[in-house]
Ligand SMILES: C[S@@+](CC[C@H](N)C(=O)[O-])C[C@H]1O[C@@H](n2cnc3c(N)ncnc32)[C@H](O)[C@@H]1O
C-alpha cells in the first residue's frame, strides 16, 4: 500500500480535514455509539476476515479485532494518514496482532475477489462519491454468503444542513449532491443494484432539540469555511455576489426561525444501519432472499 495517495481535490480536502481533526477525534462520543450499534447489528463473529471502510482512529476496527479473535483478521482503510497514525498507536499499545491499517481510497481498492467475510462502514458512507460503483467493488471483495453493514444518517438528519439544502436549491445551488442515501426505499434499491440480498435496514432515532445558534452554524461550516463539505458547492457559491449571499443567508435563518419552538429546533437525527448479504450460489436451497 502507498505511503501517500494521489487524490482529487474533493478527496484531498476530506483527508486534510480529518488530518487536522485526528488528535481530538476520539473525544466525540456520538461516533463511538454508532460504531457499537453497527457492530451489534452486524453480528460479526470469531475467525472472520473483516474490512473496515473509513476506519479513522480505529475505534470500530479494534472492537472488531477483539471480536474475531486471533484466528480472524481486520483491515482498516482510510484516506487520512494522521487518523491512521492514531489507530496504529492504539493497536501498538494494546498489542493486537490481527489488525492492519492501510492508507487507501475506499473507492479504489484492489483486493482480490472473495477475500473478506464482512465489510463494515461507520460514519463514512456519505463521503463516498460514486456509491453504486463502490458498493459493487465491496461486493466483489466479499466471499459468497459474506455480509455488509453500513451506517448512514437519514435524509432528515442534521436540521441545519437539511434547511440549508432546501434554501440553496431555490437558488439552483446543489448541496452535497451525492452525500445522503435518500429514502429507505432508495437505500434498499442502491444495495440491491450492487448485488446484495437479504437487505434489512435498522432505524434509530437520536433526535433532540438544538439551539438556533447550533442549527444556523451550518452556514459557517458549509458555505463560509474551507472544509471538505463546502468544496462540493464552492463553485456555485463563488458565482454569487455578496448581496446574493446575504440574501440566501437571511432566507436560511428565516426558515430556521419558523421551526423554533419553546424547547428549541427539533433535529430529526434518524440513523440508518443497512445490512445485506452476498448470495452464496453453492447453497441455493438454504438461501432466503428477503429483499424481494
Ligand atoms: C467520521 S470519520 C469515521 C471514522 C470511524 N469509522 C469511526 O466511526 O470512528 C470518517 C473517516 O472516513 C474517511 N474517509 C472518507 N472518505 C474516504 C474514502 N473515500 N476512502 C477512505 N477513507 C475515507 C475519513 O478520512 C475519516 O477518517
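Read the figures in this text as sums done on the coordinates, not as results from a lab. Here the structure is a predicted model, which means the values were calculated and not measured. Reconstructed Cβ throughout: ideal geometry from the backbone, glycine too, with neighbour counts over all protein chains shown.
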Theoretical FRET efficiency, 1/(1+(r/R0)^6), r = Cβ-Cβ of residue 193 and residue 40, R0 30 Å, to 0.05: 0.65
Nearest-ten-degree value, helix 9-21 long axis tilted from longest Cα axis of the chain: 90 degrees
Most mobile of 273, 118, 59 in a GNM of the chain (Cα contacts under 10 Å): 59
Net length gained if the chain between residue 224 and residue 239 were fully extended (0.36 nm per residue, minus Cα distance): 4.0 nm
Residue 174-residue 143 FRET efficiency (beta carbon distance; Förster radius 35 Å; 0.05 resolution): 0.35
Relative contact order (%) - criterion: Cα under 8 Å, at least six apart; region: segment 1-151: 26 percent
Ordering of 73-79, 203-209, 189-195 by packing [mean C-beta count within 10 Å, highest first]: 73-79, 189-195, 203-209
Nearest 10 degrees, 0 to 90: helix 228-238 Cα axis against the chain principal axis: 40 degrees
Separation of the residue 204 and residue 5 label points, Cα + 7 Å toward Cβ, nm: 2.6 nm
Stretch gain in nm, segment residue 266-residue 12, where the contour uses 0.36 nm per residue and the Cα spacing is subtracted: 88.1 nm
Difference of contour (0.36 nm per residue) and Cα-Cα distance, residue 89 to residue 32: 18.7 nm
Peptide ranges 31-38, 263-270 listed from the most packed, as the mean C-beta count within 10 angstrom indicates: 31-38, 263-270
